[in-house]
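The values are calculated or read from the model by the stated rules, or taken from the named source; none is laboratory data. Keep in mind that this is a model prediction, so the values were computed, not measured. We place every Cβ from the backbone using ideal geometry, glycine too, and count neighbours over all the protein chains shown.
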Ligand SMILES: [Zn+2]
């Protein structure tokens, strides 16, 4: 056995043991900061830098954070640095919400879990895995050690505590230790208790003991947008870390969406993973789109109507001078950009038309044959063979919360409802007539309701995923061009290309 001097440590199963063993992590963090600087100054695209951080840098800390007792203070410097780097890569200004950095990448954020939160998550996972270990010897030793730690904390009064009390202790219940004068000894269990208490504020984490199942489990609150509770049983022990991190991501999403200003568009964006497909790969995305989209979704772009702390400055639009210059006005309402809206709408429409089965008959922006009304749906498709008729209208509303997408769809359906009914009568119900609206937000929000239209149009499964991405990126591309033209006065696109439809 090696004799250690003061300040020395040795590694046992990857965990540094000894007085001041936390210093081991200090070296690791210093190396990570150095490598982060290299990534920062590299020629990689911003999405590649984010990917490199998540693939090569942060996973290095996972095991050491799981097994080493370390303070949150020691992580602060590295945490601030990583946070700053991700914010820089997303081109976000100072006043952008913190939550966007911590939001998972598939929801349109930086995907960076703060290191202190990650540490808590890993410590809880480690404790859970020890108590549910498949090896009975390890499991029993872990339970015994927990029982001893709690018994000691309670001052060794009475019989050793039951498992229900042990779970209460790990959950941080104050009444368990109330009245005890015994000092706490640092151990994995005291760390797990502190970590659980901190995570409770984010994702309502609790430890539970079921007398019926004779099993320990973890309980999470609001783990997904549509569920209130999730129980992680011992049989899912290997998924515990991923599930807790997912619940943490969801907590950040809820916090961001609840924000009055910066959460508005993000509510619609985070409703579908397709809205942020470019975050990890940069597919179909120009560098200028990347620099625009994150700021636009948080509404932190410099516009007259969105200025903060500037008194007596005009809020009016610099082009039409009638309305306040807000992002919805610029991207969807300012008349000076009507030609670009048409192109944005047309590009999405032509992507849909190009994906249709080859022999189907498609009519773009024309009156329905034999109908007296002046309505011109964007796309009327007749299936061959089969004769089923699809009437489809494309719309690109601004994401003023998720309801705006629903309202845009409802308005389109109401507009063409009578037309579809007349067509059904005229065809004497021999041919089916489907009416649908394809909704893509001007900041690239994909409406999940669109799926029904794509599946009705029998677009090949292999093509649907790419089609969604292309449509989202087309909306982002045009919105960026509209915004840049608005502020700079410079035309951002080729004017010679003719549009195919009238937008309404
Ligand atoms: Zn205007």
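Tell me the residue from 156, 134, 163, 140 that is loosely packed, with under 13 Cβ neighbours inside 10 Å and in contact (Cβ under 8 Å) with a residue 24 or more places away in the chain, please.
Details: 134 fails: in contact (Cβ under 8 Å) with a residue 24 or more places away in the chain; 163 fails: loosely packed, with under 13 Cβ neighbours inside 10 Å; 140 fails: in contact (Cβ under 8 Å) with a residue 24 or more places away in the chain.
That would be 156, the only listed residue that is loosely packed, with under 13 Cβ neighbours inside 10 Å and in contact (Cβ under 8 Å) with a residue 24 or more places away in the chain.
Residues being within 16 Å of the ligand (Cβ to nearest atom) and touching a helix residue (DSSP H, G or I) at 6+ places or on another chain (Cβ under 6 Å): count how many of those fall in the range 285-313.
Qualifying residue count for the region: 1.
Give me a count of the residues in the range 314-348 that are more than 30 Å from residue 365 (Cβ to Cβ), assigned to a loop (DSSP other than H, G, I, E, B) and within 12 Å of the ligand (Cβ to nearest atom). Before the answer, list the steps.
Taking the range 314-348 first, the residues more than 30 Å from residue 365 (Cβ to Cβ) are 314-316, 318, 321, 324-325.
Checking the rest, the ones that are also assigned to a loop (DSSP other than H, G, I, E, B) come to 314-315, 318, 321, 325.
Among the residues that remain, those that are also within 12 Å of the ligand (Cβ to nearest atom) are: 315, 318, 321, 325.
Total satisfying the criteria: 4.
The rows are residues; the columns are (1) surrounded by fewer than 20 Cβ atoms within 10 Å (Cβ to Cβ); (2) modelled with pLDDT of 95 or more; (3) assigned to a helix (DSSP H, G or I).
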site: 411; (1), (2), (3): yes, yes, yes
site: 414; (1), (2), (3): yes, yes, yes
site: 423; (1), (2), (3): no, no, yes
site: 431; (1), (2), (3): yes, no, no
site: 439; (1), (2), (3): no, yes, no
site: 455; (1), (2), (3): yes, no, yes
site: 459; (1), (2), (3): yes, no, no
site: 462; (1), (2), (3): yes, no, yes
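Taking the condition within 16 Å of the ligand (Cβ to nearest atom) and not in a loop (DSSP other than H, G, I, E, B), does residue 351 pass? Before the answer, list the steps.
Details: within 16 Å of the ligand (Cβ to nearest atom): no; not in a loop (DSSP other than H, G, I, E, B): yes.
No.
Would you confirm whether or not the range 114-124 contains a residue that is farther than 30 Å from residue 48 by Cα and not assigned by TED's automatic domain parsing to the domain that holds residue 34?
First pass over the range 114-124, keeping only residues farther than 30 Å from residue 48 by Cα: 124.
Restricting the remaining residues to those that are not assigned by TED's automatic domain parsing to the domain that holds residue 34 gives 124.
Yes, that holds for at least one residue.
Which members of the range 77-119 meet the condition of being assigned to a helix (DSSP H, G or I) and without any contact (Cβ under 8 Å) to a residue 12 or more places away in the chain?
80, 84 - these are the residues of the range 77-119 that are assigned to a helix (DSSP H, G or I) and without any contact (Cβ under 8 Å) to a residue 12 or more places away in the chain.
Residue 102 - would you say it is surrounded by fewer than 18 Cβ atoms within 10 Å (Cβ to Cβ) and not assigned by TED's automatic domain parsing to the domain that holds residue 220? Break it down into steps so the answer makes sense when it comes.
Numbers: surrounded by fewer than 18 Cβ atoms within 10 Å (Cβ to Cβ): no; not assigned by TED's automatic domain parsing to the domain that holds residue 220: yes.
For residue 102, the condition - surrounded by fewer than 18 Cβ atoms within 10 Å (Cβ to Cβ) and not assigned by TED's automatic domain parsing to the domain that holds residue 220 - is not met.
Given (1) crowded, with 19+ Cβ neighbours inside 10 Å; (2) within 11 Å of the chain's Cα centre (by Cα); (3) part of a helix (DSSP H, G or I), where does residue 271 come up short, assuming only one miss?
Tallying (1) crowded, with 19+ Cβ neighbours inside 10 Å; (2) within 11 Å of the chain's Cα centre (by Cα); (3) part of a helix (DSSP H, G or I), residue 271 fails exactly one: (3).
So, of the residues in the range 194-240 that are in a helix (DSSP H, G or I) and under 21 Å from the mean Cα position of the chain (by Cα), which turns out to be farthest from residue 251 (Cα to Cα)? Spell out how you get there, then give the answer.
Within the range 194-240, the subset in a helix (DSSP H, G or I) is 194-203, 234-240.
Those still in the list that are under 21 Å from the mean Cα position of the chain (by Cα) too: 199-203, 239-240.
On the way: 199: 10, 200: 11, 201: 9, 202: 6, 203: 6, 239: 18, 240: 16 Å.
Of everything passing the filter in the range 194-240, 239 is farthest from residue 251 (Cα to Cα).
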